[in-house]
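Visitor: I am attaching a structure below and will ask some questions about it afterwards.
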Amino acid sequence: MESPSSRALLLLSLLQTGRAWTAADLAQRLDIADRTVRRDVARLRYLGYDIRSVPGPGGTYRLVPSVKIPPLLLDADEVCSLVTGLLLLEAGGVDEAVTTVRTKLEQLLPPKLRQQAAATALATQVITPVAEPVDWRLLGVLAEAVAQGQDLRFTYTDQHGKVSERHVRPYRHALRQGAWYLIAYDILRTDWRLFRLDGIQRATPEPAAAGIDVPDFPSPSIEDWLTTDFGRVRVSNG
């Protein structure tokens, strides 16, 4: 069974199509009772969504677009989980982005949940950071390159201090044992390689090089690839 928050999000996604819905149509789409539709509509209205209704038989519900951002549709457990996750990231010594996100999150919450978020932050102490500091801007560059199928060029310093210029096709970035890594196909070395993010400088995306046949990733699991010689592919750290 869907949680009230999940169900409300599904209802909101239907209303955001811009059409008028009858309670019966919404109930059928969401597989819930008509009275549950009315209750969830009331909840969305309470959170600040402007939902207009036409009463009577065949009456409809319609969401009116608004520039106002209503509070987030989260319950107390979800708020606690989200704030705790952000606190873990903050403890890793990252830049101000995570702290800013937590502040904005609290501003979007209704008063009761805002109090829950503040209480969670006050009561939680992270003794040992779970990850090394990470450059969030670099993560954004990597993510965009993967999504767009782009290549990356960057200067890389390995664990021995050796500096080299790299041209890669990025595949994934991963957090493992407290450190962030880029998994990518090294075009010049024609092999899959592993790069620590803290060794990457001046990462620049560019259109994928023409005529380069990048093989499929050699393992169904990145974790298997990192810990075994699956497929006779030996991992090289940079």
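Nothing in this text is a laboratory measurement; each read-out follows from the coordinates by a stated rule. For clarity, every value in this text was computed on a predicted model and none was experimentally measured. Heads up, the Cβs are rebuilt from the backbone with ideal geometry, glycines too, and the neighbour counts pull from every protein chain shown.
Visitor: For the chain, what is Rg from Cα atoms divided by 2.2 N^0.38 Å, rounded to two decimals?
Guide: Compared with the compact-globule rule of thumb, the chain sits at 1.36.
Visitor: While we're on this one: If you average 1/r over every pair of different alpha-carbon atoms in region 136-232 and take one over that average, what Kirkwood value in Å do you get?
Guide: Averaging 1/r across every pair of different Cα atoms and inverting gives 13.8 Å.
Visitor: If I take R0 = 25 Å and measure r between the Cβ atoms of Ala76 and Leu175 in this structure, what FRET efficiency does the formula 1/(1 + (r/R0)^6) give, to the nearest 0.05?
Guide: The calculated FRET efficiency here is 0.35.
Visitor: Between Ile51 and Thr204, what is the spin-label point distance in nm, taking each point 7 Å from the Cα along the Cα→C-beta axis?
Guide: 5.2 nm
Visitor: Here's another thing I want to ask about it. Sorting Arg196, Arg19 on the 10 Å Cβ count, fewest up front, what's the list?
Guide: By the 10 Å Cβ count, ascending, the order reads Arg19, Arg196.
Visitor: Separate question: Fewest first, what order do Asp216, Asp135, Asp34 take by the number of other Cβ atoms within 10 Å?
Guide: Asp216, Asp34, Asp135
Visitor: For region 136-232, calculate the relative contact order in percent as a whole number, restricting contacts to Cα pairs under 8 Å that are 6 or more residues apart.
Guide: Reported relative contact order: 26 percent.
Visitor: Extension gain His160-Arg137, at 0.36 nm per residue separation less the Cα-Cα distance, in nm?
Guide: Stretched out fully, the His160 to Arg137 stretch lengthens by 5.8 nm.
Visitor: Stick to the Cα atoms of region 4-63, pair each with every other, and give me the Kirkwood hydrodynamic radius in Å at one decimal.
Guide: Hydrodynamic radius (Kirkwood, Cα pairs) of region 4-63 is 11.2 Å.
Visitor: Now for a different question. At a temperature of 37 °C and a viscosity of 0.692 mPa s, determine how fast region 76-123 diffuses translationally according to Stokes-Einstein, using the Kirkwood radius over alpha-carbon pairs as Rh; express D in µm²/s, rounded to the nearest whole number.
Guide: 309 µm²/s
Visitor: Right, something else. Can you give the % of DSSP beta bridges in the chain that are antiparallel, to the nearest 5?
Guide: Of the beta bridges lying entirely in the chain, close to 95 percent run antiparallel.
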